[in-house]
Amino acid sequence: MLAGISVNEVIEIIKSRKWQASLSKVIETLDYFGFLHKKPIYTKGRNINMPKCCIVNLEAKRKVTL
């Protein structure tokens with residue numbers, strides 16, 4: 001959306017699939033399109049002040065069912 005093209009076009013350019021969206025792929029894509037960004041911040045549960053515009057990657061606890 002930032003680049004003004006569709007998700008499918010980005011997937012084609014980056015040679016990735018929808019389920020392969022990792023933080024490293026997001027950063028690689030930002031670099032490819034020339035968007036400036038800062039180094040990722042790993043909070044490890046700490047409270048921090050977030051900037052007004054940011055990408056948030058949450059890790060959900062997995063529920064194991066037997």
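Descriptive notes on the structure:
- Top-ranked residue of the range 11-33 - restricted to ones that are assigned to a loop (DSSP other than H, G, I, E, B) and not hydroxyl-bearing (Ser, Thr, Tyr), ranked as farthest from GLU59 (Cα to Cα): LYS15
- Matching residues, the range 2-54, being loosely packed, with under 10 Cβ neighbours inside 10 Å and either at positive phi or of a type in the set (Lys, Arg) (or both): GLY4, LYS15, ARG17, LYS18, GLY34, LYS38, LYS39, LYS44, GLY45, ARG46, LYS52
Throughout, read-outs are computed from the coordinates displayed, never taken from laboratory work. Just so it is clear, the structure is predicted and the values come from calculations on it, not from any experiment. In this analysis, Cβ positions are derived from the backbone assuming ideal geometry, glycine residues included, and neighbour counts consider all displayed protein chains.
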